[in-house]
Amino acid sequence: MGERGETMLGRRHLMALGAAAGAGVLVPAMARETDGARRPTAEVGRKFQADGRVGSFHGNTIVCHIPQQGENAACFNALLDIYRDLPARPFATNIAALPPSSYHMTLFDGANETARVAGLWPPGLALDSPIEECHRAVGRRLEGFTLDTPLPIRMRVDMEGAGMGGNALAIPLTPIDDAENARLRHLRDRLSAATGIRSPRHDQYRFHISLAYVLWELSAAQAGAVREAMRDWMAMVAAASPVITLGAPEFCTFKDMFAFNRIRYLT
């Protein structure tokens, strides 16, 4: 966070945030002692507009949407309860909630229009290429890709996880067991090799379901309310769906954070 961030938060507040993170509760990193000012986070002008409307943010990705119907819909129904509960929380005016139709677990980050650098952009494609050309390039690289791993994918809420941090509120996930973790990590390695995209944090990637983005910095009281909410919500999802069962990964494109449009399933 750096010296400036520590000064903003205060050492005692930093210790509280650190303890919460160690307990597996996501705490937005932008919380600060309030001085009455309303300060935007980095998501304003990036993924969202200042008035809370979703902003233009184009890219491609490989995700597993959370099943909304049938025998594996318990997780989605619990997430709907979070969506219903969220507006009543004292930090609600500082965040932008994602619509339930967008709920998914990202298996592999593709490329997006704001990260045009080597490693995060398809190799061999000019960095100033239109994003539509990027979509086509990644799609071509995935032609003939075989999943070569049994379905379904099985996850659970990571009650011990450190959360996602940054500006996102999310339910942290972990594979159901060591064998599932090994095969998902291997699958991510194969997707990286196929697309030529590899984040510097590829090996440290943490699975999650994004719920909302913080648009305006939180006061200390609001940060405490986030900690409480995340404890409630993680426990609720874990109780409703001890095993989160996901189907075939989908290669998707998106123009904003509200919808991830399937191009095709990976099979």
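The values are calculated or read from the model by the stated rules, or taken from the named source; none is laboratory data. The structure presented is a predicted model; accordingly, all values stated were derived computationally and were not measured. Positions of Cβ are generated from backbone atoms using ideal geometry, with glycine treated the same way; all protein chains shown enter the neighbour counts. Heavy atoms of the whole protein, side chains included, go into the accessibility calculation; ligands, DNA and RNA do not. Shrake-Rupley method; radii C 1.70, N 1.55, O 1.52, S 1.80 Å.
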Neighbours of R116 by Cβ distance under 13 Å: Lys/Arg at +1, Asp/Glu at -1, summed charge -3
Amide H neighbours of L107 at under 5 Å, excluding residues fewer than 5 places away on the same chain, with H built from the backbone geometry, are I62, V63, C64
Note on segment 40-113: contact order normalised by length, alpha-carbon pairs under 8 Å, 6 or more apart, percent, works out to 42 percent
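Averaged per residue, what accessible surface does the chain expose to a 1.4 Å probe, in Å²?
46 Å²
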Note on the chain: contact order normalised by length, alpha-carbon pairs under 8 Å, 6 or more apart, percent, works out to 34 percent
With all protein chains in place and a 1.4 Å probe, R141 shows an accessible area in Å² (nearest 10) of 90 Å²
Rounded to a whole %, the carbon-and-sulfur portion of the accessible area of segment 127-267 at a 1.4 Å probe is 51 percent
So the FRET efficiency between R190 and S101, C-beta based with R0 = 30 Å and rounded to 0.05, is 0.55
For F145, placing the label point 7 angstrom along Cα-to-beta-carbon and taking segment 190-230, residues whose amide nitrogen sits under 14 Å are 190-199
With only helices counted (DSSP H, runs n ≥ 4, each -39500 (n - 2.57)), the per-residue ellipticity at 222 nm for the chain, to the nearest 500, works out to -10000 deg cm²/dmol
Using alpha carbon centers only, segment 50-87 is separated from segment 108-159 by a whole-angstrom value of 20 Å
Volume per residue (Å³) of the convex hull spanned by the alpha carbons of segment 151-239 is 122 Å³
With x for Gly and Pro, the residue-by-residue ³J(HN,Hα) of segment 254-259, computed from phi through the Karplus equation 6.51 cos²θ - 1.76 cosθ + 1.60 at θ = phi - 60° and given in whole Hz, is 8, 10, 6, 7, 8, 8
